[in-house]
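Here is the structure we will look at, set down as structure tokens.
The values are calculated or read from the model by the stated rules, or taken from the named source; none is laboratory data. Because the structure is predicted, anything quoted here is derived from the model rather than measured. So basically every Cβ, Gly included, is an ideal-geometry build from the backbone, and we count neighbours across all protein chains shown.
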Amino acid sequence: MKEIIKELEELREIIRYHNHRYHVLDDPEISDAEYDKIFQRLLSIEGKYPHLITPNSPSQRVGARPQNNFTQVRHRRPMLSLENAFTSEDIKNFDNRVKKLLGKEYQCNYVVEPKIDGVAVEIVYERGELKIASTRGDSEVGENITANIKTILTIPLKLFPLENQYPVPDLLEIRGEVYMERESFKLLNEDRLTRGLPLFANPRNAASGSLRQLDPKVTARRPLNFFCYGTGDISGQTPETYKKLMSAIQSLGIRVNRPHIRKILNIDEIIEYCGYIEENRMDLPYEIDGAVIKVNLLAHQEKLGQKSRSPRWAVAYKFKPTQETSKIIKIEVQVGRTGALTPVAHLEPVEISGVTVSRATLHNQEEIEKKDIHEGDTVIVQRAGDVIPEVVKAIATKRTGMEKRFAMPSECPACGTAVEKRAGEVIIRCPDPECPAQARQSLKHFVSKGGMNIEGMGDKISSQLLEKGLVKNSADLYSLTLDHLLRLDKIEQKSAENLLKAIEASKTTTLSKFIYSLGIRHVGEHVADLLAGHFKDLDRLRQADREGLVSINAIGPQIAESLISYFQDDSSQSNISLLIKAGIRFEEVRPADTSSPISGKSFAITGTLSSMKRSEAQKIILQNGGSLTSSISRSTDYLVAGESAGSKLRKAQEFGILVLSEDAFLNLMGV
């Protein structure tokens, strides 16, 4: 028993320490997943030995103490946290507990919505006016952040019913999540990097730090957003279900994540929908770390009540984490297709979002220095969807003194050529166009799905073709024979024959895919689409001057200079000529309809479209004579807004730009 008591006290101290670093200092040292493991261990021991639970155990409260810098606000009702579920079995157990407690009244009537990874706040409206706002704090008492909350544009200062379905209550306590969208977070960290300021570990960390600014002017400069997920006290009569309550709240002008709140009457469908949200989480513009399952009937919520730190009528299904803690074993430099040298961290393997990660990008020397990353550091690593994992920050408090500073090499690690750093760039490059590493990466890009889409041409085959001298550039692929391929290791005749068929099939492509496959610096798939749609002919593009290129919407001076430099290079011209000579031909592109009502009009797209991919919508716009822009300005004519539209929508409304729903867009295009 002494050992158990000792472990309990150690766990409590560890949790208090990390609560303080996360909630008070905004400087976490461990990932959410590690914290959850520690907390689950505490709950497990206290569950076995309930007589050892103390009033000040972290299991008996929520979060950390309010900071002394802010006045305190006592909540009328405790702001509880949610019990976690990690498996489908946990979800079924939650349903069984609800069924048991409700007895004959039970009916499988739940709502499920994404769990936004932000900061929980309470906003109190009296007779429709915002009076006070506070953080969750220790669930009973929070911090007064009213001045900072008022700077968030998506939070109304005064309630005005948008629809005549729900009157403004005399008292309305709104509870919700303040968060920062991924793109806004990225721009904020980039700005902090250039100013030599510490980086935020993730969007939630950034939102928390922004809300705790003593000067509201600082908060006002941060791109914060808000979604309501529930209520505290409300005067007067309320709707009978949570879903109807959220509709009523939205009708008062308060932002609700309504498109993603789904009513479900079957436990298996709940599990399926949670899986769907997790699988598609990166399609949302903001971070989510789970899905919240709630009993829909408010009367049943009231009857189920609460435990010491969580309600009995809701559970949070936690997704696999996108961030974890690991250690840098060594830093290695890779050479890309454009000659760029990129430092890559080799890590102690760690599982992130169900994938084992052992490498992460460090971007460049300047970022390594600003983040103060050393070989041997304990670091926070992030993986978002299919994006290459990156090192977010080093945890300086974990250093032992054995860590080593890293410096980029003066010579290319692949060919030994002296590296160069161009004016205005932070990237170091190998200038040798015949560098074997560049050739390997260029070939990989050429055969990729977005490029010539040659199935079966993997890294191992590409590397062997280059090493054996069978291929020196992309044009040589079209001279390969069956005999050539059978010289490669571990390739059977059938596989070789299929690869030859794939190479032959790739000869028929689109101008857009061909432009992208060339691997021109700064020319991604979207820019390639724009260039193909504007010039419609490869020779016209090759002869384009700077003025003609920058006249295209979204093509700036940097992209223009890169294109001109590429097409003036003798080796590039020779390779293109050889590719055309090999038989590559372009499918006829449907000419833009100049008689279309949108001809010459500028479009931006935001949010998630349900009936098509964003790239498909972009092609429809170009085919109908419209143009595309990646940002909102007063010259933008239309904004197509899908589900979970972000900051572009707010800016378009400020500028008076015509906003089209997905249906309105499809009607306009005649689709």
Residues within the range 283-330 that are in contact with a helix residue (DSSP H, G or I) (Cβ under 7 Å, 6 or more places away or on another chain) and among the hydrophobic types (A, V, I, L, M, F, W, C), tallied:
9
Condition check for residue 22: out of contact with any strand residue (DSSP E or B) (no Cβ under 6 Å at 6 or more places or on another chain) and either at pLDDT 90 or above or not basic (Lys, Arg) (or both)
yes
Per the filter on the range 419-439, residues modelled with pLDDT of 90 or more and surrounded by fewer than 18 Cβ atoms within 10 Å (Cβ to Cβ) are 420, 431, 436
From 528, 505, grab the single residue that is at negative phi, small (Gly, Ala, Ser) and surrounded by fewer than 16 Cβ atoms within 10 Å (Cβ to Cβ).
505
What number of residues within the range 249-269 are under 23 Å from residue 118 (Cα atoms) and among the β-branched types (Val, Ile, Thr)?
4
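Suppose we keep only residues that are among the β-branched types (Val, Ile, Thr) and assigned to a strand (DSSP E or B) within the range 129-145. Which one would you say is nearest to residue 209 (Cα to Cα)?
Taking the range 129-145 as the starting set, the residues that turn out to be among the β-branched types (Val, Ile, Thr) are 132, 135, 141, 145.
If we keep only those that are assigned to a strand (DSSP E or B) too, we end up with 132, 135, 141.
On the way: 132: 19, 135: 12, 141: 19 Å.
Only one residue fits best here, namely 135.
One line per residue, one yes/no per condition, for (1) out of contact with any Gly (no Cβ under 7 Å at 6 or more places or on another chain); (2) within 30 Å of residue 560 (Cα to Cα); (3) in a loop (DSSP other than H, G, I, E, B):
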{"site": "463", "(1), (2), (3)": "yes, no, no"}
{"site": "476", "(1), (2), (3)": "yes, yes, no"}
{"site": "490", "(1), (2), (3)": "yes, no, yes"}
{"site": "498", "(1), (2), (3)": "no, no, no"}
{"site": "515", "(1), (2), (3)": "yes, yes, no"}
Go through the residues of the range 104-117 one by one and say whether even a single one is within 23 Å of residue 219 (Cα to Cα) and either out of contact with any helix residue (DSSP H, G or I) (no Cβ under 8 Å at 6 or more places or on another chain) or buried (at least 16 other Cβ atoms within 10 Å of the Cβ) (or both).
yes
Expected single match for over 26 Å from residue 29 (Cβ atoms), surrounded by fewer than 19 Cβ atoms within 10 Å (Cβ to Cβ) and either of a type in the set (D, E, K, R) or in contact with a His (Cβ under 6 Å, 6 or more places away or on another chain) (or both) among 303, 320 is 303
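Of all residues in the range 146-175, how many are free of Cβ contacts under 8 Å to residues at least 40 places away in the same chain, of a type outside the set (Ser, Thr, Tyr) and either in a helix (DSSP H, G or I) or not assigned by TED's automatic domain parsing to the domain that holds residue 215 (or both)?
First, pick out the residues of the range 146-175 that are free of Cβ contacts under 8 Å to residues at least 40 places away in the same chain: 146, 157-158, 164.
When the remaining residues are screened for being of a type outside the set (Ser, Thr, Tyr), the result is 157-158, 164.
If we keep only those that are either in a helix (DSSP H, G or I) or not assigned by TED's automatic domain parsing to the domain that holds residue 215 (or both) as well, we get none.
Residues that pass the stated criteria total 0.
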Note: among 330, 371, just one is outside the structural domain of residue 275 (by TED's automatic domain parsing) and within 21 Å of residue 196 (Cα to Cα), namely 371
Assess whether residue 118 counts as being in contact with a Cys (Cβ under 8 Å, 6 or more places away or on another chain), assigned by TED's automatic domain parsing to the domain that holds residue 282 and at pLDDT 90 or above.
no
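Take the conditions in contact with a Gly (Cβ under 7 Å, 6 or more places away or on another chain), at pLDDT 85 or above and within 22 Å of residue 280 (Cα to Cα) and apply them to residue 645. Does it pass?
For residue 645, the condition - in contact with a Gly (Cβ under 7 Å, 6 or more places away or on another chain), at pLDDT 85 or above and within 22 Å of residue 280 (Cα to Cα) - is not met.
Given the residues 252, 224, which is the only one that is within 28 Å of residue 352 (Cβ to Cβ), touching a Phe, Trp or Tyr at 6+ places or on another chain (Cβ under 9 Å) and not small (Gly, Ala, Ser)? Before the answer, list the steps.
Working: 252 fails: within 28 Å of residue 352 (Cβ to Cβ).
Result: 224 is the single residue among 252, 224 that is within 28 Å of residue 352 (Cβ to Cβ), touching a Phe, Trp or Tyr at 6+ places or on another chain (Cβ under 9 Å) and not small (Gly, Ala, Ser).
Residues that are surrounded by fewer than 15 Cβ atoms within 10 Å (Cβ to Cβ) and among the hydrophobic types (A, V, I, L, M, F, W, C): does the range 165-182 have at least one?
We begin by selecting, within the range 165-182, every residue surrounded by fewer than 15 Cβ atoms within 10 Å (Cβ to Cβ); these are 165, 167, 170.
With the extra rule that they be among the hydrophobic types (A, V, I, L, M, F, W, C), the set shrinks to none.
No; the residues of the range 165-182 include none that is surrounded by fewer than 15 Cβ atoms within 10 Å (Cβ to Cβ) and among the hydrophobic types (A, V, I, L, M, F, W, C).
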Return the only residue of 369, 375 being surrounded by 13 or more Cβ atoms within 10 Å (Cβ to Cβ), under 28 Å from residue 186 (Cα atoms) and without any contact (Cβ under 8 Å) to a residue 12 or more places away in the chain.
369
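Condition test on residue 665, is it within 28 Å of residue 154 (Cβ to Cβ), part of a helix (DSSP H, G or I), in contact with a helix residue (DSSP H, G or I) (Cβ under 8 Å, 6 or more places away or on another chain) and at pLDDT 85 or above?
yes
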Filter the range 268-297 for residues that are farther than 11 Å from residue 111 by Cβ, buried (at least 19 other Cβ atoms within 10 Å of the Cβ) and of a type in the set (A, V, I, L, M); the one that is farthest from the chain's Cα centre (by Cα) is 271
From (1) over 29 Å from residue 512 (Cβ atoms); (2) part of a loop (DSSP other than H, G, I, E, B); (3) modelled with pLDDT of 90 or more, pick out the condition that doesn't hold for residue 454.
(1)
Looking for whichever is free of Cβ contacts under 8 Å to residues at least 24 places away in the same chain and closer than 19 Å to residue 116 by Cα here; the options are 209, 230, 275. Which one fits?
275
